[in-house]
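Here the structure comes first, spelled out in structure tokens, and everything after it is commentary.
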Ligand SMILES: Cc1cc2nc3c(=O)[nH]c(=O)nc-3n(C[C@H](O)[C@H](O)[C@H](O)COP(=O)(O)OP(=O)(O)OC[C@H]3O[C@@H](n4cnc5c(N)ncnc54)[C@H](O)[C@@H]3O)c2cc1C
């Protein structure tokens with residue numbers, strides 16, 4: 001009988017765990033309740049929080065470093081097919097719709113990489129879309145310290161990039177889906193070429209070097225490369241805070257990869273996990289049939305992804321006082337694991353309202369917020385024999401995509417041989 005690995009969660013950690021376990025010869029079943037943090041991010045792909053890289057470079061007075069990526073992470077990224085993880089400096093720089101320029105270890109291929117555009121002029125089309133004020137974004141970006149150091153200038157210009165009246169109001173995701181159509185990309189390329197030509201004439205021939213758009217360039221796959229080739233200058237998206245076309249592209253790529261790997265995917269909510277002495281048994285919310293497995297990878301995300309829930313004592317109070325104090329966080333399923341806050345234990349809180357979130361829920365200097373540090377206590381990713389943890393579900397690890405992938409690959413490999 002083949003070795004069966006059960007993966008809980010289909011974000012970057014669960015997907016990479018399934019990839020590694022399958023490539024190690026295991027039979028893999030993946031149970032997921034749906035989208036998590038991996039589908040919410042804007043398309044920057046970090047190994048550590050990017051502020052750390054900027055702080056380190058400032059302290060050392062050196063350029064922002066590009067840390068090596070392991071071959072295994074690179075091969076997972078190649079299989080996923082949506083990220084660019086360059087192996088040579090300069091690191092990618094992405095522009096946010098809030099007007100910041102920031103480095104990243106990699107990027108979704110739809111995002112405009114400004115890392116190699118030192119001293120150049122970048123154009124942003126004016127549109128009537130809420131959330132895309134090209135003049136304000138361009139002014140704020142031009143004032144960003146990293147942009148000034150790189151001599152990057154951002155300017156708004158008139159370009160009719162919306163084709164239909166409703167496109168002033170539909171969501172970024174819906175507009176991105178319209179750009180999955182190659183004919184629409186052809187139309188947009190022509191409009192941009194004309195508008196760039198007119199703008200260059202107005203500027204007495206000073207050429208534009210790139211065009212920055214909103215999160216609109218494809219929901220199934222990024223069309224930025226094809227658009228750039230047709231326009232003749234790099235064209236790509238800005239990074240948005242939550243809910244982006246890049247997140248939709250992650251979801252689409254995740255489904256393609258699971259199909260290609262032949263992983264059985266079950267869309268359901270895990271409820272409890274027990275070990276009966278021989279195998280793990282998973283109970284789910286919608287189906288009464290339990291799933292048995294030899295090894296399990298918990299990759300259910302942290303507080304953002306639904307793997308960890310905030311549960312201060314008052315949640316059990318009913319109409320009276322809570323029966324007892326307790327730790328204020330819990331895994332979202334019953335499982336034989338303990339939680340920790342970073343590297344330290346998770347204490348029972350004195351207040352029935354839980355910890356003072358005003359004090360602990362925000363990162364302070366280099367210390368992450370409690371909401372990003374809490375997770376399963378599993379040194380090296382192993383919580384118990386045959387039970388592994390990866391990604392945001394792990395206590396005290398950076399909440400980044402590449403950390404999720406690295407720990408997912410390690411957990412998947414270990415689970416396949418447990
Ligand atoms: C708004 C936002 C912006 C971010 N920006 C960046 C960024 O710029 N760069 C960067 O590198 N990282 C960023 N991150 C962090 C990064 O997205 C996460 O670290 C990474 O995606 C975590 O992946 P994961 O697989 O561990 O968890 P998730 O992607 O959260 O996946 C968890 C999975 O578990 C499933 N699940 C949860 N509970 C259950 C259950 N009971 N039963 C079954 N399934 C369950 C969920 O449905 C989901 O499929 C951002 C995160 C957020 C929220």
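The values are calculated or read from the model by the stated rules, or taken from the named source; none is laboratory data. Since the model is a prediction, treat every value here as computed from it, not as a measurement. Here the Cβ positions follow ideal geometry from the backbone for every residue, glycine too, while neighbour counts run over all protein chains shown.
All conditions but one from (1) within 15 Å of the ligand (Cβ to nearest atom); (2) in contact with a strand residue (DSSP E or B) (Cβ under 8 Å, 6 or more places away or on another chain); (3) closer than 22 Å to residue 404 by Cα apply to residue 295; the one that does not is (1). Looking across region 1-24 at every residue that is surrounded by fewer than 24 Cβ atoms within 10 Å (Cβ to Cβ) and assigned to a helix (DSSP H, G or I), the one that is nearest to the ligand (Cβ to nearest atom) is identified as 22.
Restricting attention to region 189-202 and to residues that are closer than 15 Å to residue 226 by Cα and out of contact with any strand residue (DSSP E or B) (no Cβ under 7 Å at 6 or more places or on another chain), the residue that is surrounded by the most Cβ atoms within 10 Å (Cβ to Cβ) turns out to be 189. Within region 241-263, the set of residues being touching a strand residue (DSSP E or B) at 6+ places or on another chain (Cβ under 9 Å), touching a residue at least 24 places away in the same chain (Cβ under 8 Å) and loosely packed, with under 14 Cβ neighbours inside 10 Å comprises 241, 262. Out of all the residues in region 28-53, which are in contact with a helix residue (DSSP H, G or I) (Cβ under 7 Å, 6 or more places away or on another chain), more than 6 Å from the ligand (Cβ to nearest atom) and assigned to a strand (DSSP E or B)? The answer is 28, 30. Screening 164, 76, 93 for residues that are outside the structural domain of residue 253 (by TED's automatic domain parsing), under 26 Å from residue 220 (Cα atoms) and free of Cβ contacts under 8 Å to residues at least 12 places away in the same chain leaves exactly one candidate, 164. If only residues of region 54-67 that are surrounded by fewer than 18 Cβ atoms within 10 Å (Cβ to Cβ) and either closer than 22 Å to residue 112 by Cα or within 12 Å of the chain's Cα centre (by Cα) (or both) are counted, the one that is farthest from the ligand (Cβ to nearest atom) is 63.
Reported count of residues in region 1-29, each being touching a strand residue (DSSP E or B) at 6+ places or on another chain (Cβ under 6 Å) and within 12 Å of residue 263 (Cα to Cα), is 14.
Picking from residues in region 272-289 that are farther than 17 Å from residue 10 by Cβ and surrounded by 15 or more Cβ atoms within 10 Å (Cβ to Cβ), the one that is nearest to the ligand (Cβ to nearest atom) is 283.
Here 205, 236, 232, 186 are screened, and the one residue that is over 30 Å from residue 27 (Cβ atoms), crowded, with 18+ Cβ neighbours inside 10 Å and outside the structural domain of residue 27 (by TED's automatic domain parsing) is 236.
Among the residues of region 382-403, those that are within 12 Å of the ligand (Cβ to nearest atom) and surrounded by fewer than 22 Cβ atoms within 10 Å (Cβ to Cβ) comprise 398, 403.
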